[in-house]
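Every read-out reported here was derived from the displayed coordinates using simple, explicitly stated rules and does not represent laboratory data. This is a predicted model, so every value here is computed, not measured. When we count neighbours, we look across all protein chains shown, and the Cβ atoms used for this are built from the backbone with ideal geometry, even at glycine.
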Amino acid sequence: MRIGFVGAGRMAQAIAKGFTSRGIIKSRNIWASDRAEKTLERISTELRINVTHDNREVVEHSDILVLSVKPQVMDTVLAELSDLTDPSKLVVSVAAGVTLDHLQSRLLPDSRVIRLMPNTPILANAGASVYCVGKAAKPEDGPLIEALFKSVGTCDYLPENLMDAATGLSGSGPAFIFEAIDAMTSAGVQMGLPLSLAQRLVCQTVHGAGLLALQSGQSPAELRDAITSPGGTTIAGLSELEARGFRAALWQAVMTSAKRSAELGSGINDPVKPVDDKESPVCTIN
């Protein structure tokens, strides 16, 4: 199996590294294109994959083609590659908000298309991915993508009308957790803990809490209440979170991210300003 990435940004790198580290796909069978020479040099050295500036070369060497570019440049990419995406290739888009119908309308009519939303914890073999399948996809295409991404975390099928919601929740979610980790670590340092220890304690706490929520069979609310004693330290902290709108802020962050995903999808034909930063992880067409 050969896989290619059009756009070698952070998500493409995370997926490629996840697959190679687990031995799912050999590095010699992975191709990636990007306009940034230093990006290609770095990932070629780090991941030992094949790199090129030519998007069409990636298509030619791929059985699975991952379109990992920003939604605003997706149409440009599709216009360049549409004549190469015959039914022998499975096209997977990880661009937020870009619908299956939109992808299908700009590729060959019988192109096999899947819309996928992974997240960066794939780098730690702990990703959370969701996908939906296009009308021309083969029956085995969905299970194939699901099996690949389950090798680096979890992967679940969703009807497409829920993809933006999942984008806001699990696609953007790691950033919300990192923000919490950073804040809690800073608090620990302010109280005198060494930085490395504070960060390790917080990361292990988040990791352990997540595992417990997954494995215990109890709801998060039940687990929270189990460690919240009247007049104790935890309820004092929870009261402060409530007073400062912590729960509402997280709720709204997820909702706003999901809304933005839908906006990106509906606005992909908006004019795109040229990217002047040659080290940008966003692939542009040469």
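Projecting label points 7 angstrom from Cα along Cα→Cβ for Thr233 and Met191 puts them 0.6 nm apart. Remark: the Ala249-Ser219 segment gains 8.8 nm on full extension, using 0.36 nm per residue and subtracting the alpha carbon distance. Our helix-only sum for the chain, with -39,500 (n - 2.57) per DSSP H run of n ≥ 4 divided by its residues, gives a mean residue ellipticity at 222 nm of -14500 deg cm²/dmol.
You can think of it this way: the chain between Glu140 and Arg22 has 40.3 nm of extra reach, that is 0.36 nm per residue less the Cα-Cα gap.
The spread of Cα positions in region 3-160, taken along each principal axis and listed from longest to shortest, comes to 38, 32, 26 Å. Report the net charge of residues surrounding Leu148, where surrounding means a beta-carbon distance below 13 angstrom and charges are Lys +1, Arg +1, Asp -1, Glu -1. Surrounding charge for Leu148 is -1. Computed from label points 7 Å out along Cα-Cβ, the spacing between Thr76 and Asp101 is 2.6 nm.
Among the GluC sites (Glu not before Pro) in region 131-212, those located in a DSSP loop and surrounded by at most 15 other Cβ atoms within 10 Å of their own Cβ are Glu140. The stretch between Met1 and Leu201 holds 68.0 nm of extra length on full extension. This uses 0.36 nm per residue minus the Cα-Cα distance. Only the Cβ atoms of Lys and Arg (+1) and of Asp and Glu (-1) were treated as charged; on that basis the dipole of the chain about its Cα centre amounts to roughly 540 debye. What number of lysine-lysine pairs in the chain show an alpha-carbon separation below 24 angstrom, given a sequence spacing of 8 or more or placement on distinct chains? Lysine pairs satisfying the spacing and distance rule in the chain number 23. Remark: region 173-266 carries a charge dipole of roughly 120 debye about the Cα centre, counting +1 on each Lys and Arg Cβ and -1 on each Asp and Glu Cβ.
Just so you know, the Rg over Rh for region 182-234 is 1.06, from Cα atoms, with Rh as the Kirkwood radius.
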